[in-house]
Amino acid sequence: MAAINAVTDLSNVGKVSVITLNSPPVNALSADVRDGLAAAFKQAGADASTNAIVLICAGRTFIAGADISEFGKAPRGASLFEVQTSIENSPKPVIGAIHGTALGGGLEVALCCHYRVAVPSAKCGLPEVHLGLLPGAGGTQRLPRIVGPEKALEMVTSGSHMGAKQCLAMGLVDELAEEGKLREAAIAFAEKVVAEKRPLRKVRDSNEKVEALRGKPEVFAAFRKANARKFRGFMAPESNIKCIEAAVNLPFDEGLKEERRLFTELMSGPQSAAQRYTFFAEREVWKIPDVPADTPQIPVNTVGIIGAGTMGGGIAMNFVNVGIPVIIVETTQEALDRGMKVVRGNYERSAKNGRFTMEQVEQRMALIKPTTKLEDIAQVDLVIEAVFERMEVKKEIFTKLDAIMKPGAILGTNTSALNIDEIASVTKRPHDVIGLHFFSPANVMRLLEVVRADHTSKPVIATSMAIAKKIGKIAALVGVCPGFVGNRILAARRRAAEQLLMSGTMPWDIDRVLYDFGFPMGVYAMSDLAGLDLGWVKAESKGLTIRDRLCELDRRGQKTGKGWYDYDENRNPTPSPVTEGIIKEFITKAGNTPRQAPDDEILERCLLPMINEGAKILAERKAIRASDIDIIYQAGYGFPAYRGGPMFYADQMGLDKVVARMKHYAPQWGADFEPAALLAELAASGKRFQDWRAA
Ligand code: 3H9
C-alpha cells in the first residue's frame, strides 16, 4: 500500500486500484481527506496497470460528511467539487464501498461514483437539515435522480438515515456485500463491471425520474402543507424543498448553481450557526471534566421504581424499552393496578400506531414486575424514587432504602425541586445517592437532568450518564439548587411573565410572542396543559393570587375545559374574558396603570431574566458549561433548535447588548434584570458564554 498522504492510501489488487481513507473518528471530508482523495484519484486514473477504482474507508464508517469543524473557516486544500468531478469524470469505473454511514458530503461523494456496494448494516442519508443546511455538494440534484423527487424530498427534509437494504431497493446501492467482506466484494464487483463492459454511469445524466415531476408544482405544495407544523420557524427545510424543485425544473448544472446559492445563504445565516453549535453541544454534554471516560461503572441489569404514578410508569417504560427488567413499587394494590394500566395503555396506543407489535407490548409488560412490598427491590442495581414532592416522604423512603438495599446499589431520586443533599443525609451511603430528574411524559421527553449532590461518587455519576445514553436520553449533569437548572431558569421566565401580566399585558399576548419566537407554547398555555392546580389546595385557597381565583372558579386548565384560556371541545384555546376580568381586578387592586407591552419588549422581558439566571447558574458551578444549559432548554423546554438555547441566543445578540437591555429594564423591573456578575464580566471583556469554562 502506498501512502498518498497521512489519511489516504492507494494500492492495487490485480487490476483494481483501491483507495482507502483513514481519518478517524468518522472520515469526515477535512482538507487532508479532500487533498488525499484528489491526489489518489489522479494517480489511480493515470495508472495503466488498473482498469477500475474502489473507494473504501477504514475504521468505523464510510465518510460521515463534510468536516463540520471546518465550517466558517478559510477554505484550504482541494475543494469537494474538484474531488467529486475527478470521481465522476474518472476514465475508469469507480465503485464506492460503504460501511457504517455514508452521510451528507459522504453520500454526495458516493453519488459521484459510478456504482455503489454496501454491507447490510450500512446506512445512507443527507442529514444536513439538522445542521440548518442542505446538501451542498450536489446531493439535492443527484439524489432525486435515483430515488425520485418525492422520496428525495422526504430524505432531505427529515435527514433520516436509510438502511442498506432499503437503499438497494431504491437503487441508491447496486449490490449488498457480506458483512465484514466489503473490500473483497467491492473489488469483485469492480472486476465484474469491467468484464461486462458496463457503462461509466453518471447519476447527473439520469433525468427520467425528475422529468416525470416537471410541471407538477402541486406535489411540492402538498408536501409543504403536510409538513408546515413540523418545519415551523426553520429555514433549512424550505431551502431543501426549493433545491429538489430545482432538480425537477432545471438542467443539472443550473440546479447545482441554485443549490450552491441556497447552501451559502443558509451557511452564513444565524440558524445554521445555532444548529451546528448544537451538534457539538450535544456531544460535549456527556463530557464531565472530573469524571473521565474510564471511570469505573456499576453494572445496571435491574431497576426498581418507587411510585407507579405518571412519572414512575413513564420512567419504567424507558428501561423495559431497552430490555432492562423493572420492579415497580406502590403502597396499595389499587394504585399499582392503575399505574400498570396506564403503562399498558401507552404501549397499546403505540402498537395501534404501528410502532411495534402486540407481541412486543406483551414482552415489554412482562419485564415489569409490580409489587406492594418495598423489600422486593432490595437486590436491584438502581432504584429511582418517583413519589410526590414532599421532603418528609422522600426522607422516609430513603431511610428504608438505606436499610434494605444491597450494598453498592444506586439510589436515585426523581425530585424536580427538593434538596438532594438533605435526602441523602438520612442514609449512611450518600455517595450512592443521585438525582435523576426525568421530564414529563418521561417515556417521551429526551432530557434527563442528572443531579450531582455533595457526596455523589464518580462511578455513580458515570453510570447514571451511561444509563441515560442507553435509554436514549440526552443527559446533562447539574448541581443541587432550587429547581436545578431547567426549572430554575423557567421560574425566572415565569416571574417576568407575571410582571408583564400585572402591568397590563394579557397571557395570550405573552404566549403569542413566545410561540412566534419558536417555543411550542407560551407560559400560560403550558400552565393550562400542566394544570393550574398543581400544588394548589382548595381548602387553603384565599383567592389571594390570580391562580387562586381561577382555580376557585374551577378554571384548572385544559382538563376542566378552561383555565387561563377557554377551550372548545377540540381543545382549541381562545382568550377568556373571565380571566381578563380577574387580571384587571388584580391590576387595579395593586394600583398599577395597565399598559400593553409591545411585542419586542415582551420577548426581551421574558428572555433576559432566563439568560441572567443561566449566568448565575454557571458562576455557582451548577452547570458545567453554557452549552449544557442550552441543551437542557432545547431537549426539555422546547427552546427552538434554530436559536440554539438561551445562552447561545445571548451570545448571538452580543453580551454587551444583553447587559445594556437589562440595565434599561432593571430600574423598573428589579433584581431579575440586574446583570449577574459573570454576565457583566464577560460582556465587559468582549467574551461569549460559549467560550467560558469553570476555572
Ligand atoms: C455536510 O456534509 C455538508 C455537505 O453537504 C456540503 C459541503 C460543501 N465533522 O456522533 P459521534 C465527530 S454537513 C466533524 O459521537 P457516533 C463528533 O463531533 C455534514 N466532526 O459518534 C465526535 O467528536 P468527539 C453532514 C464530526 O458513532 C466524533 O466525531 N454529516 C463529524 O455516535 C464521534 O461522533 C452529518 O451531519 C463531522 N461531520 O455517530 C453527520 N461527524 O468524539 C454527522 C462526527 O470529539 N455525524 N464528528 O466528541 C453523525 O451523525 C455521527 O457522528 C455519526 C457517528 C452517525 C457519523
Where nothing but the Cβ of Lys and Arg (+1) and of Asp and Glu (-1) is charged, how large is the charge dipole of the range 319-444 around its Cα centre, in debye to the nearest 20? 320 debye
Could you state the number of Å between the C-alpha centres of the range 353-427 and the range 654-687? 42 Å
Taking R0 as 56 Å and r as the Cβ-Cβ distance between residue 619 and residue 196, the FRET efficiency 1/(1 + (r/R0)^6), rounded to the nearest 0.05, comes to 0.25
Lys and Arg at +1, Asp and Glu at -1: neighbours of residue 372 with Cβ under 15 Å from its Cβ sum to -1
Calculated over the range 642-695: convex hull of Cα atoms, volume per residue (Å³): 88 Å³
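Could you compute the net charge surrounding residue 543? Neighbours are other residues with a C-beta less than 9 Å from the C-beta of residue 543; K and R count +1, D and E count -1.
0
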At each listed q (0.14, 0.17, 0.31 Å⁻¹), what is the log10 of I(q)/I(0) that the Debye formula gives for the range 422-471 modelled as equal alpha-carbon point scatterers? -0.38, -0.53, -1.13
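Regarding the range 201-310, what's the average projected area of the Cα-atom convex hull, expressed in nm²?
Here the figure is 14.4 nm², rounded to one decimal.
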Could you tell me the relative contact order of the range 1-136? Use alpha-carbon pairs under 8 Å, at least six residues apart, and round to a whole percent. 22 percent
Kindly identify the range 358-431 as rounded, prolate or oblate by the Cα gyration tensor criterion: order the square roots of the eigenvalues as a ≥ b ≥ c, call it rounded if a/c is under 1.5, otherwise compare a/b with b/c, prolate if a/b is larger, else oblate. prolate
Stretched fully, the stretch from residue 349 through residue 440 gains (0.36 nm per residue minus C-alpha distance, one decimal, in nm) 31.0 nm
Enumerate the whole-percent occupancy of each 20 Å bin, from 0 to the last occupied one, for all C-alpha pair distances of the chain. 16, 42, 34, 8, 0
Using a Cα-Cα cut-off of under 15 Å, which aspartates and glutamates could be cross-linked to residue 352, ignoring same-chain neighbours fewer than 8 residues away? 362
With the range 482-591 reduced to its Cα atoms and the Debye formula applied, log10 I(q)/I(0) at q = 0.18 1/Å amounts to -0.94
Within straight-line cross-link reach of residue 400, lysines at Cα separation under 21 Å, skipping those fewer than 8 residues along the same chain: 369, 373, 428
How much length, in nm to one decimal, is gained on full extension between residue 205 and residue 572, taken as 0.36 nm per residue of separation minus their Cα-Cα distance? 127.1 nm
What does DSSP give for the chain in terms of the percent of beta bridges that are antiparallel, rounded to the nearest 5? 35 percent
Along the Cα-to-C-beta direction of residue 681, a point sits 7 Å from the Cα; which residues of the range 608-628 have their amide N less than 13 Å from that point? 615-621
If each part is reduced to its alpha-carbon centroid, the range 103-123 and the range 221-248 end up apart, in Å, by 25 Å
The chain, helix-only ellipticity at 222 nm - DSSP H runs n ≥ 4, -39,500 (n - 2.57), divided by all residues, nearest 500: -14500 deg cm²/dmol
For the range 1-142, rounded, prolate or oblate, judged on the Cα gyration tensor with a ≥ b ≥ c (square roots of eigenvalues), a/c < 1.5 rounded, else prolate if a/b > b/c? prolate
Can you tell me, using C-alpha contacts under 8 Å and at least 6 residues apart, the relative contact order of the range 511-640 as a whole percent? 19 percent
Could you tally up the Lys pairs in the range 198-312 with alpha carbons closer than 19 Å? Skip any pair fewer than 8 positions apart unless they're on separate chains. 7
Using only the Cα atoms of the range 58-170, what do you get for the radius of gyration and for Dmax, in Å? 13.5, 40
Can you give me the distance in nm between label points at residue 538 and residue 166, each placed 7 Å from the Cα along the Cα-to-Cβ direction? 5.1 nm
Remind me, relative contact order of the chain in percent, using alpha carbon pairs under 8 angstrom and six or more residues apart? 8 percent
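Ignoring GluC sites (Glu not before Pro) that are buried or in helix or strand per DSSP, and keeping those with at most 16 other beta carbon atoms within 10 Å, what is the longest stretch of the chain between them?
Looking at the chain, 197-388 is the longest stretch - no exposed GluC sites (Glu not before Pro) with at most 16 other Cβ atoms within 10 Å.
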Which value, in debye to the nearest 20, describes the size of the charge dipole of the chain about its Cα centre when Lys and Arg Cβ atoms bear +1, Asp and Glu Cβ atoms bear -1, and nothing else is charged? 460 debye
Please give, to one decimal in nm, the separation of the simple spin-label points placed at residue 331 and residue 42, each 7 Å out from Cα toward the Cβ. 7.8 nm
The pairs in 542/616; 42/197; 394/473 lying past 27 Å Cα-Cα in this model are 542/616
P(r) tail for the range 561-681, what percent of Cα pairs lie past 26 Å? 38 percent
If I take all pairs of Cα atoms in the range 298-456, what percentage of them are more than 24 Å from each other? 29 percent
In which sequence would 49, 158, 457, 17 go, from the one with the fewest C-beta neighbours within 10 Å to the one with the most? 49, 158, 457, 17
Starting from 0.36 nm per residue, how many nanometres of slack lie between residue 379 and residue 396 once their C-alpha separation is accounted for? 4.2 nm
Candidate aspartates and glutamates for bridging to residue 559, where Cα separation is under 16 Å - those fewer than 8 sequence places away on the same chain excluded: 528, 533, 568, 569
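Which of rounded, prolate, oblate describes the range 80-144, given a ≥ b ≥ c as roots of the alpha-carbon gyration tensor eigenvalues and a/c under 1.5 marking rounded, otherwise prolate only if a/b is larger than b/c?
Details: a/c = 2.40, a/b = 1.18, b/c = 2.03.
It is oblate, given that a/c is not under 1.5 and a/b is not larger than b/c.
Bear in mind these aren't lab numbers, they're just calculated from the coordinates by the rules spelled out. Nothing here was measured: the structure is a model prediction, and the numbers come from that model. Heads up, the Cβs are rebuilt from the backbone with ideal geometry, glycines too, and the neighbour counts pull from every protein chain shown.
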